[in-house]
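The next block holds one structure in the form of structure tokens; read it before the comments.
Bear in mind that the values in this text are calculations on the coordinates, not laboratory data. As the structure is a prediction and not an experimental result, all values here were calculated from the model. Positions of Cβ are backbone-derived with ideal geometry, glycine not excepted, and every protein chain shown enters the neighbour counts.
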Amino acid sequence: MKFLLIHYSFEYPTSPRAIRWRALVNYFIQKDIFVDVVCADFGSEYENKNIRNLIRIHRTRQILPVKMKRVLNRNQILNKKRDLIKKYFKIVLKRFYDITWKKIYWPDSACLWYFPALYRSIKLLRENDYDILITVAPPFTTHLIGLTIKKFIRLKIKWLADYGDPFAFTEIMSFNNTRLYRNLNYLVESKVVHDSDLISVTTDETRRLYLEKFKISDKKIFTAPPLISDFKYANDEIRINWKEGIHCVFTGRFYKTIRNPDGMLKIFSLLINEHQKPIYLHIYGDTENVDDLINYYKEKLRSRLLVHGEVSKNIAEIAVNSADFLINISNISKVQLPSKVIEYMSTGKPIINFSITENDISSKILQNYPLHIIIRSNNDPKYEAERLSQFIIKNKGKKVSEKQLKEMVKPYLTSSVGEIYLKNIKRVINPKH
């Protein structure tokens, strides 16, 4: 088989969606499937020691406003080393971006990438005989490319629209100015859903949402859950030499709306001040959306709160392996599951899940995981800090057995998730079989 994959951030090192699809592409290659990838140029190159000439990467340049957003984010990570003038310039530039371009772009910040990516994709489609076109969102711009190819260019090819997050129904975290584009968002997503041949989502909750909103056949949409590229049971020999004490690690990105760390930090500030042993909270990831909050707690907790910024996947994995406890903050959204929950489970380490909603997806996934606690961020902080303190005392140094974990994470392995995709793709390509 031969696939054309359009994925904006395929080569972006720390993008969860990119990490997922790099693992899937590796799996497809092992099955002797040829993959052409159209992606944005982030200045980094996809590495695979077992390519066997079954993949080609087609990098397309990013236009200035798209590139500016990445530069602003990257500077936020490096700003400890920059002088005051450069920090100020960055703040002014970001403010200008927020009040101008961010107010008008559509469907998302990658919209100008639509043109070079569409041109390259059409050229490849006319030169090659692909079995299926796969577009990966977010950003939704990639689905817009798929829709143009299918509906307006009218090239005959099966099309799989792969979703990480819903587009028109993300009221809590919108991809554009919903005051301007709310109706347009729904209209265009409706066209994507109805004109695509197949739709994949990461949770059953998202699948039910799309079935209800768009009234499509349940055979058209399938769930391919979050994946872990490898089963990595915690290895005590690979550790960071941190100070003596209890080390808690969070990896990922914060958002003011769907994943706000305020409740977690409030509870940890009480815990750190009152617990009998020194407790350290490590944060690995982009904190740009909540910088004011992070700076406030850094001032308050000093050396007990360590913000490491955005790091490579390898460094993040070593930090997770070094932790005594792993921290997840559930999304407020009822249909979005942070992919790191599954990665955390694969280590066997105790997991602390902060949640403010009843029966959120993260809490449901963790129900069968023996070493976890649900802390309610919107409850009385003193009460929750005491509960957390008892959990830490009871479970420091404990791990879920490797044998038990292997069965637990089996549905989330790349091979399992990859087969879900291939089964559904083959069903669409060969409907008579």
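If you place +1 on the Cβ of every Lys and Arg and -1 on the Cβ of every Asp and Glu, how big does the dipole about the Cα centre of the chain come out, in debye to the nearest 20?
Here the chain has a charge dipole of around 780 debye.
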Practice prompt. Compute the distance in nm between two label points, each set 7 Å from the Cα along the Cα-to-Cβ direction, one at Asn295 and one at Asp32.
Written response: 5.9 nm
Item to complete: Can you work out the PRE-style zone for Asn378? Point 7 Å along Cα to Cβ, and I want the residues of region 247-266 with backbone N under 18 Å.
Response: 255-266
Worksheet entry | Contact order relative to length of region 310-360, as percent, for alpha carbon pairs under 8 angstrom and 6 or more apart | 42 percent
Worksheet entry | Spacing of the two label points (7 Å from each Cα toward its C-beta) at Thr148 and His308, in nm | 4.0 nm
Worksheet item: For Ile238 and Arg182, what does the FRET efficiency come to when R0 = 45 Å and r is the distance between their Cβ atoms, rounded to the nearest 0.05?
Response: 0.40
Worksheet item: Which GluC sites (Glu not before Pro) does region 227-285 hold that lie in a coil by DSSP with at most 12 other beta carbons within 10 Å?
Response: Glu237, Glu244
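Can you flag which of Lys277/Lys410; Lys94/Lys300; Lys102/Lys426 are past 32 Å Cα-Cα?
Lys277/Lys410; Lys102/Lys426
Using only the Cα atoms of region 249-329, build the gyration tensor, take square roots of its eigenvalues as a ≥ b ≥ c, and label the shape rounded, prolate or oblate: rounded if a/c is under 1.5, else prolate if a/b is larger than b/c, else oblate.
Oblate, because a/c is 1.5 or more while a/b does not exceed b/c.
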Fill in: For region 246-410: rounded, prolate or oblate by the Cα gyration tensor [a/c cutoff 1.5]
rounded
Practice prompt. Can you tell me which of 186-193, 175-182 comes out highest on packing, and rank the rest after it, using the mean Cβ neighbours within 10 Å?
Written response: 186-193, 175-182
Practice prompt. For the pairs Lys220/Lys432; Lys103/Lys313; Lys103/Lys215; Lys150/Lys215, note any where the Cα-Cα span goes beyond 25 Å.
Written response: Lys103/Lys313; Lys103/Lys215
Practice prompt. Mind sorting out which of (1) 55; (2) 31; (3) 40 is the real percent of Cα pairs over 35 Å apart computed from the coordinates?
Written response: (2)
Fill in: Long-range amide H partners of Tyr255 with built H, under 5 Å
Asn260
Item to complete: Could you list which residues have their amide H under 5 Å from that of Ile6, counting only those 5 or more apart in sequence or on another chain, with H placed in the peptide plane?
Response: Val38, Ile134, Thr135, Val136
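Give the relative contact order (percent, whole number) for region 246-410; include only Cα pairs under 8 Å separated by 6+ residues.
24 percent
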Discussion item. Give the aspartates and glutamates reachable from Lys364 as a straight Cα distance under 16 Å; neighbours fewer than 8 places away on the same chain don't count.
Written reply: Asp204, Glu205, Glu343
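Indicate, rounded to the nearest 5 percent, the antiparallel portion of the DSSP beta bridges found entirely in the chain.
In the chain, DSSP labels about 0 percent of beta bridges as antiparallel.
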Fill in: Cut-off under 5 Å, modelled amide H: who pairs with Leu413 long-range
Ile228
Worksheet item: Going by average Cβ neighbours within 10 Å, how do the peptides 221-227, 297-303 rank, with the highest at the top?
Response: 221-227, 297-303
Practice prompt. Determine the dipole magnitude for region 246-410: charges of +1 sit on the beta-carbon of Lys and Arg, -1 on that of Asp and Glu, nothing else is charged, the reference point is the Cα centre, and the result goes in debye to the nearest 20.
Written response: 500 debye
Worksheet item: From the backbone phi of region 153-163, what are the Karplus-calculated ³J(HN,Hα) couplings (6.51 cos²θ - 1.76 cosθ + 1.60, θ = phi - 60°) in whole Hz, Gly and Pro given as x?
Response: 6, 6, 7, 7, 7, 6, 10, 9, 9, 9, 10
Worksheet item: Helix-derived [θ] at 222 nm for the chain: sum -39500 (n - 2.57) over DSSP H runs of at least 4, divide by residue count, nearest 500?
Response: -13500 deg cm²/dmol
Worksheet entry | Rounded to whole Hz, the Karplus (6.51, -1.76, 1.60) HN-Hα couplings of region 35-41, x for glycine and proline | 10, 9, 10, 9, 8, 7, 8
